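Peer 1: My questions all concern the structure below.
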Amino acid sequence: MADKKRKKALISSPASPTNPAIMESALNTIMTKLDSMSAQLTAQLVKSEQLETAVVGLTAQLAEAVKGNKERDNIIARHSDQLNNCEQSLRSTSIRILGLPVKKDDSTLSIIDAVYDNILQPVLAAAKVKGELTEYPSRRFMIDSAFAIPSKNPASCPVIVKFSSSFVRNLVFSYKNDVLPKGPDPATNKIRQKFAIFEDLTPANFAHFRSLADDPRTTSIWTYNGQVKFRIKDSENIFRARSLADTVDSLIKPKNPRPA
């Protein structure tokens with residue numbers, strides 16, 4: 001009898017794992033955690049949607065700002081070109097001469113005399129022979145002003161000359177290669193013009209000219225009425241810069257490339 005009681009006591013259990021009360025409590029705990037996780041996930045999704053909406057709005061604002069900045073840049077570029085063109089037009093009767101025996105402290109009258117004797121007189125004589133002139137006024141009426149620019153070579157400073165008319169200026173460019181003296185270049189021994197004569201460019205046009213000239217693809221470059229023109233290697237086409245924003249790349253590439 002005692003053995004039977006002991007065996008019965010060993011078989012019986014006060015808290016079975018399959019007890020319905022324990023299972024219900026565990027399920028309630030799990031459901032509570034799931035509800036909490038679901039609430040957190042829902043909150044995260046709401047925040048994510050809000051962030052996405054905010055990003056979309058900021059992206060639209062950024063695109064609008066970029067578009068506005070581009071339009072303003074285009075307006076500024078157009079105004080810069082217009083102002084530069086106006087300034088260049090004020091120099092339409094002026095030229096820059098290198099190589100004249102002029103010092104920075106020379107008087108205006110002596111500089112005018114040097115310009116007339118070395119540049120203008122032979123040009124006018126050639127134009128008269130060709131019938132482009134019958135007579136011409138004195139140097140004081142043909143040259144409005146002239147001044148020297150300080151340079152590293154004190155014996156030969158660059159000179160800016162303003163003529164009384166664009167006709168006289170154009171005569172200089174037409175005849176300078178034919179009638180002005182030539183001589184060997186000390187550095188290369190090549191025969192070159194003794195006096196180098198250029199258009200009087202605005203600072204912006206001169207900087208633009210230098211930037212295009214420094215491109216290794218340009219083979220020859222010059223200006224006409226302040227506008228830069230150039231050729232490139234393996235091409236006889238003449239490219240013309242119409243804006244200060246133009247580059248060699250923007251000018252030589254096809255405007256409307258055909259799709260491959």
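The values are calculated or read from the model by the stated rules, or taken from the named source; none is laboratory data. As the structure is a prediction and not an experimental result, all values here were calculated from the model. Cβ coordinates were reconstructed from backbone atoms using ideal geometry, including for glycine residues, and neighbour counts include every protein chain displayed.
Peer 1: Could you say which residue among ILE232, ILE221, ILE191 is more than 27 Å from CYS86 (Cα to Cα) and buried (at least 17 other Cβ atoms within 10 Å of the Cβ)?
Peer 2: ILE232
Peer 1: Another one. Report, by residue number, each residue of the range 18-28 that is among the hydroxyl-bearing types (Ser, Thr, Tyr) and exposed (fewer than 10 other Cβ atoms within 10 Å of the Cβ).
Peer 2: The one that is among the hydroxyl-bearing types (Ser, Thr, Tyr) and exposed (fewer than 10 other Cβ atoms within 10 Å of the Cβ): THR18.
Peer 1: Another one. Does ILE76 fit the bill of being at negative phi, part of a helix (DSSP H, G or I), under 37 Å from the mean Cα position of the chain (by Cα) and surrounded by 12 or more Cβ atoms within 10 Å (Cβ to Cβ)?
Peer 2: no
Peer 1: Could you tell me which residue of the range 211-253 is modelled with the highest pLDDT, considering only residues that are under 20 Å from HIS79 (Cβ atoms) and in a strand (DSSP E or B)?
Peer 2: Among them, the one singled out is VAL228.
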